[in-house]
1. Among A:41, A:94, A:59, determine the one that fluctuates most according to a GNM of chain A built with springs between C-alpha atoms less than 10 Å apart.
2. Quick one: net charge of residue A:49's neighbours, Cβ under 11 Å, K/R +1, D/E -1?
3. Of the candidates A:38, A:97, A:58, which one comes out as most mobile in a Gaussian network treatment of chain A with C-alpha springs shorter than 10 Å?
4. Residue by residue through the range B:34-46, which ³J(HN,Hα) values in whole Hz follow from phi under the Karplus form 6.51 cos²θ - 1.76 cosθ + 1.60 (θ = phi - 60°), with glycine and proline marked x?
5. Any lysines with Cα under 24 Å of the residue A:107 Cα? List them, leaving off those in the same chain fewer than 8 positions away.
6. Per 10 Å bin, what is the whole-percent P(r) computed from every C-alpha pair distance within chain B?
7. Amide H neighbours of residue A:109 under 5 Å, at least 5 residues apart or on other chains, H built in the peptide plane: list them.
8. At a Förster radius of 41 Å, what calculated FRET efficiency corresponds to the Cβ-Cβ distance of residue A:97 and residue A:18, to the nearest 0.05?
Amino acid sequence: GESVGLHLPTLSVQEGDNSIINCAYSNSASDYFIWYKQESGKGPQFIIDIRSNMDKRQGQRVTVLLNKTVKHLSLQIAATQPGDSAVYFCAENGGSQGNLIFGKGTKLSVKP
Amino acid sequence: DTGVSQDPRHKITKRGQNVTFRCDPISEHNRLYWYRQTLGQGPEFLTYFQNEAQLEKSRLLSDRFSAERPKGSFSTLEIQRTEQGDSAMYLCASGRDRLFNGYTFGSGTRLTVV
């Protein structure tokens, strides 16, 4: 079936480096995508979103890139900090207005 | 605290027992969602409400699961005759209409069925 997936289950980076987390999606009806951060024992926390009519969107230290041609989404975190250590999920709406489809997640570890 | 509240945070129950979880959304949010998350996986959609109306249910929501939002405010999720496969984190989220970026999750209820 159609699903959201992630290329790498774990990512380890040095503090201060940039991080890139990738995500592949396969539902061509999806027109809205979100990145969430989930820390241990907490619910997912919204980071940044992007609609399908955009290729790039920037937030504070984060950038999301969307390549609709190859159905690929990425999250870039600039100057990664220890507080960025968490599991990151991409999610898509699958064309639905009622729910999100989540990928499996990438665990980001930041080494001091 | 003005976030989404879930109660209890943890629940351990014996197989076959019924359990009920509660979610209190952000007060001005008219949409309320239930998701289930197992270890190492992303959240899976179960159901959502707009005000008191249950608008969508996933096929994951078997007959043993029922959710209510009687007055369009708090919601309950009940699991009858629990099975070990029901062990998971049950997450609630609330939002305004279609504004996904206002979709705020609670910290979840962790259910362990023994």
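Derivation of every value follows stated rules applied to the coordinates shown; laboratory data play no part. Predicted model, so just to flag it, every value in this text is computed and none were measured. Cβ placement follows ideal geometry from the backbone for every residue including glycine, while neighbour counts extend to all protein chains displayed.
1. A:41
2. Result for the local shell: +1.
3. Maximum among the listed residues: A:97.
4. With the stated coefficients, the range B:34-46 comes to 10, 10, 10, 10, 9, 4, x, 10, x, x, 10, 5, 10 Hz.
5. Reachable lysines: A:37, A:42, A:56, A:71.
6. 15, 51, 29, 5
7. A:11, A:12, A:13
8. Values: r = 34 Å, r/R0 = 0.83.
Computed FRET efficiency for residue A:97 and residue A:18 comes out at 0.75.
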